[in-house]
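Down below is the structure, laid out as structure tokens.
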There are 2 protein chains.
Amino acid sequence: MNIVGSSPVIRKLSAFASLSDAERAVLGRLDAKSRSFSAGRDMVHQGQTERAAYILATGWVCSYKLQSDGSRQIVGFQVPGDFLGLRSVLLHRSDYSFEPIVDSVALEVPKEFLLEAFSATPRLATAFLWAAARDEAMMLEHLVGLGRRDASKRISHFLLELAARLGLVGLGNADGYDCPLTQYHLADALGLTSVHVNRVLRDLRQADLVSFRAGRVTFMDHAGLVELAEFDPAYLDQTRPLAA
Amino acid sequence: MNIVGSSPVIRKLSAFASLSDAERAVLGRLDAKSRSFSAGRDMVHQGQTERAAYILATGWVCSYKLQSDGSRQIVGFQVPGDFLGLRSVLLHRSDYSFEPIVDSVALEVPKEFLLEAFSATPRLATAFLWAAARDEAMMLEHLVGLGRRDASKRISHFLLELAARLGLVGLGNADGYDCPLTQYHLADALGLTSVHVNRVLRDLRQADLVSFRAGRVTFMDHAGLVELAEFDPAYLDQTRPLAA
DNA sequence: CATTGGAACTAATCTAGATCAATAACGTTA
DNA sequence: TAACGTTATTGATCTAGATTAGTTCCAATG
């Protein structure tokens, strides 16, 4: 499978715009480096020395940090087209763990590839870094959101954000999307207990705003939910990379 | 003032190790680009298009995000030697604001410098990115800590972390350090109210662990505080950059 | 087809920290 | 030196969400 032919990935990379032939050639070398991961088995452990980053082709992955008290904080979810662990390569070791939520396939981007890209095609390297910076910014936004938002806003904001991101790769729209997450995942991501998540989901459902059931998120009142969550999709904007 | 002669900055950059003459030459061009900022006046506004990053030479700066409800979340503090807004340059605009807490001086690292560094001295560029990644990791660590830690752990952890970071640039030790932050700063950084911060600080003082008074943090029982906060300084480690 | 185990769901109780409302201390400026 | 603004401090009350302890539902598995 050529990277340019892989549907979710190409949409992500299309933001890089106007690549030269040389750059395309380098990108082409990512061919055949795809790896499969089974649901539930960590792809990368916190603290592990990492020699590669990944681009998720199919599946869902979550990034999390284990806390000293044994609980875990999920810092983000990756859907097809998202980068995984780019920063771990720079830092020499991963500062969090990655767990596939369902069976997933990812393209491997080896450290050597990144190093070569730096010297051979700096613009391509910059594009990668831009993508990494953007993903980082989203995680920060998410974590900051935890601080001052209450539970119902956190949950509705989160569901809307996922819809927006999945929409970018054609996996969802304003009606809803398929979502393999459990209420436990939501709890760990949003800093709540699963008990409370359950209650709030019930309230949202009874208010005819959104339902989260049987692997499917359905928006009954998208506009109303946007208002409740004070959701502003601006920060997800696909702005151009530095060297475009 | 040459960058190599500037005490806090050189310590930070020394982690880059073994730079070639060409790389030193590029670094040397940062000369005389220092700028001063007055306490309380934002250096950079959220959303502003940024054409430069900074390295803080003297002073204290805080990075924050304004929330929709008007409150602000401080995502980190910068002390001498820290980088400021490197990511904003990659993303074309700043995703948070920077406010000097006291009068501060920063070396400007213009966008052009970074671009040139990418093509001319990829290793140097990598070193900068490594530094940026490391600072990012610290912010994430901090924000994640907010999720599950209670107020006294947050506060003691925060005070210990600052001590460790200031220690790296010779501005503090296990006895204590000078700190221009107000209790409101702590509250905004830790997601608490200033009222509660005040109460917890009183408790910590009465427990003879640490005092936060008159611009000075004094550790009365450093070891005890480390235990209370479950503080593990490992994540602050100055690991080597990618291309070292 | 019975069993098991994960996920969803519910109810009762408890508490950390917010909120509201003052007061005190202190440095700055008129 | 009077007035003011900022920061620190304390007390009383309130509440969102945690905690604990279940039950229900359903799909997989032997």
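Which of A:Pro110, A:Val75, A:Leu91 sits farthest toward the positive end of the charge dipole of segment A:55-133, with +1 on the Cβ of Lys and Arg and -1 on the Cβ of Asp and Glu?
Looking along the dipole axis, the top candidate is A:Leu91.
Taking B:Tyr184 in one copy and the same position in all the others, each labelled 7 Å out along Cα→Cβ, what are the pairwise distances from the first, in nm, shortest first?
4.4
Kindly write out, for segment B:34-49 in residue order, the coupling ³J(HN,Hα) from the Karplus curve 6.51 cos²θ - 1.76 cosθ + 1.60 (θ = phi - 60°), rounded to whole Hz, with x marking Gly and Pro.
7, 10, 9, 9, 8, 3, x, 9, 3, 6, 9, 9, 3, x, 4, 6
For label points placed 7 Å from Cα toward Cβ, what is the shortest-first list of nm distances from B:Met220 to its copies?
Spacings between copies for this position, smallest first, are 5.7 nm.
Non-local amide H neighbours of B:Gly176 (under 5 Å, H modeled in plane, Pro and chain starts lacking H): which ones?
Those qualifying (amide H under 5 Å, at least 5 residues apart or on another chain) are B:Phe219.
Quick one: net charge around A:Asp175, please, counting Lys, Arg +1 and Asp, Glu -1 for every other residue with C-beta under 13 Å from its C-beta.
-1
What residues qualify as long-range amide H neighbours of A:Met43, i.e. H under 5 Å apart, gap of 5 or more or another chain, H built at 1.01 Å from N?
Amide H neighbours of A:Met43: A:Phe98, A:Glu99.
Could you tell me how far the Cα centroid of segment B:167-231 sits from the Cα centroid of segment A:117-143, in Å?
35 Å
Going by alpha carbons, how many degrees (0 to 90, nearest 10) lie between the helix axis of B:122-148 and the longest principal axis of chain B?
Tilt relative to chain B: about 20 degrees.
Please average, across the residues of A:91-101, the number of beta carbons from any other chain that are within 10 Å of each residue's own beta carbon, and give a whole number.
Counting other chains' Cβ atoms within 10 Å and averaging over A:91-101 gives 3.
Can you compute the helix-only [θ] at 222 nm over the protein assembly as shown? Use -39500 (n - 2.57) per DSSP H run of at least 4 residues, normalise by all residues, nearest 500 deg cm²/dmol.
For the protein assembly as shown, the value works out to -13500 deg cm²/dmol.
If the label for A:Gln48 sits 7 angstrom from Cα along the Cα-to-Cβ line, what are its distances to the same label in every other copy, in nm to one decimal, shortest first?
Spacings between copies for this position, smallest first, are 4.1 nm.
Go through segment A:192-198 residue by residue and turn each phi into a ³J(HN,Hα) via Karplus (6.51, -1.76, 1.60, θ = phi - 60°); whole Hz please, and just put x for glycine and proline.
Along segment A:192-198, the couplings run 10, 8, 5, 4, 6, 4, 4 Hz.
May I ask you to derive the FRET efficiency for B:Glu227 and A:Asp150 from their Cβ-Cβ distance with R0 = 41 Å, giving the value to the nearest 0.05?
Efficiency for this residue pair is about 0.80.
Which residue is it, in chain A, that holds its beta carbon closest to the axis of the A-onto-B rotation, and how many whole angstrom away?
Reported as residue, whole Å: A:Leu143, 2.
Starting from the 7 Å offset along Cα-to-Cβ, what nm value, one decimal, do you get for the label separation of A:Arg51 and B:Arg24?
Each label point is offset 7 Å from its Cα along the Cβ direction, giving 3.3 nm.
Tilt of helix B:111-120 relative to the longest C-alpha principal axis of chain B, in degrees (0 to 90, nearest 10)?
It is inclined by approximately 60 degrees.
Taken together, the values in this text are just the output of simple stated rules run on the coordinates, not laboratory data. None of the values given here were measured: they were computed from a predicted structure. Neighbour counts are summed over all protein chains in view; Cβ atoms, including those assigned to glycine, are modelled from backbone coordinates with ideal geometry.
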